[in-house]
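Peer 1: Below: one structure in structure tokens.
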Amino acid sequence: MSEEHENPWTVLSATTKYANAWMEVVEHRVLTPQGNPGIYGVVRPHCIATGVVPIDDEGRVTLVGQFRFALDQYSWEIPEGGGEKNVEPLVSVQRELLEETGQTARHWLPLMTLHLSNSLTDEVAYGFLAWGLEQGEAQPDDTEMIEVRRVPFAEALEMALDGRITDAIAVTALLKVQVLATAGRLPEDVTRLILGR
């Protein structure tokens, strides 16, 4: 749907309260939709987020596990990372796949655009499906200590359904791949890998 709606908020001022190399926190003095004065804080990442569901020739998904500082817990995810806003998301996600797993892919398909936690942040995420994988050497950066695991697509999907995968991009991308494959809306070669038929 592309309905036009007017913004019911009135912004009186905006002040950056905190900033670093990756994000800033902006506090807005506002009038609410009911006309009452208030404040609204927005976290503005400097980059986009990207993620990819990589399917190998045996129908396995490459997952990455790493400790997530903000959550203070370990997380299994699809390969993900940031990208410059002035760079095509596909270029950024291809770099992330190579860095985290050492993989490149012959085939890429855009899956979705997501707004993550849209009451708190303006972060945008782009999800992709990749297949026709070739394995090379991973190139993680110094903030990453990554474990790589390949599991059948059905197992990755079950991990998203039962809560072993909680990352929003990963859960959404895995579910969307399943829906598209079941509906016959993906290329036949990758549908066979995903559905195992």
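Peer 1: Between residues in segment 52-64 that are touching a residue at least 40 places away in the same chain (Cβ under 8 Å) and residues that are among the small types (Gly, Ala, Ser), which pairs lie under 6 Å by C-beta distance while being six or more apart or on different chains?
Peer 2: Within 6 Å, the pairs are 52/130; 53/173; 54/130; 59/196; 61/156.
Peer 1: On the given criteria, is residue 55 at pLDDT 95 or above, buried (at least 18 other Cβ atoms within 10 Å of the Cβ) and either in contact with a strand residue (DSSP E or B) (Cβ under 7 Å, 6 or more places away or on another chain) or charged (D, E, K, R) (or both)?
Peer 2: For residue 55, the condition - at pLDDT 95 or above, buried (at least 18 other Cβ atoms within 10 Å of the Cβ) and either in contact with a strand residue (DSSP E or B) (Cβ under 7 Å, 6 or more places away or on another chain) or charged (D, E, K, R) (or both) - is met.
Peer 1: Now for a separate question. Within segment 73-128, take every residue that is open to solvent by less than 30 Å² (accessible area, probe 1.4 Å), charged (D, E, K, R) and assigned to a helix (DSSP H, G or I) and give me the one that is farthest from residue 146 (Cα to Cα).
Peer 2: Step by step, filter segment 73-128, then rank; the result is 96.
Peer 1: Still on this structure: Just to be sure, is residue 170 surrounded by 17 or more Cβ atoms within 10 Å (Cβ to Cβ) and more than 17 Å from residue 100 (Cβ to Cβ)?
Peer 2: No.
Peer 1: Could you check how many residues of segment 173-186 are outside any helix (DSSP H, G or I) and either among the aromatic types (Phe, Trp, Tyr) or open to solvent by less than 50 Å² (accessible area, probe 1.4 Å) (or both)?
Peer 2: Final tally of qualifying residues: 1.
Peer 1: Search segment 138-156 for residues being acidic (Asp, Glu) and part of a loop (DSSP other than H, G, I, E, B), and hand back the single one that is most open to solvent (accessible area, probe 1.4 Å).
Peer 2: Once the filter is applied, the top-ranked residue is 142.
Peer 1: Go through (1) more than 21 Å from residue 142 (Cα to Cα); (2) among the β-branched types (Val, Ile, Thr); (3) crowded, with 22+ Cβ neighbours inside 10 Å and name the single condition residue 64 misses.
Peer 2: (1)
Peer 1: May I ask you to verify whether residue 159 is of a type outside the set (D, E, K, R), loosely packed, with under 13 Cβ neighbours inside 10 Å, in contact (Cβ under 8 Å) with a residue 24 or more places away in the chain and more than 23 Å from residue 84 (Cβ to Cβ)?
Peer 2: For residue 159, the condition - of a type outside the set (D, E, K, R), loosely packed, with under 13 Cβ neighbours inside 10 Å, in contact (Cβ under 8 Å) with a residue 24 or more places away in the chain and more than 23 Å from residue 84 (Cβ to Cβ) - is not met.
Peer 1: Ok, one more. For residue 131, which of the numbered conditions (1) open to solvent by less than 60 Å² (accessible area, probe 1.4 Å); (2) part of a helix (DSSP H, G or I) fails to hold?
Peer 2: (2)
Peer 1: State all residues of segment 10-23 that are under 17 Å from residue 118 (Cβ atoms) and either open to solvent by 90 Å² or more (accessible area, probe 1.4 Å) or not hydrophobic (A, V, I, L, M, F, W, C) (or both); if no residue qualifies, say none.
Peer 2: none
The values are calculated or read from the model by the stated rules, or taken from the named source; none is laboratory data. Since the structure is predicted, the reported quantities are computational estimates derived from the model, not experimental observations. Ideal geometry is used to build each Cβ from the backbone, glycine not excepted, and the neighbour counts take in all protein chains shown. Surface areas here come from the heavy atoms of the whole protein model, side chains and all, with no ligands, DNA or RNA. Shrake-Rupley method; radii C 1.70, N 1.55, O 1.52, S 1.80 Å.
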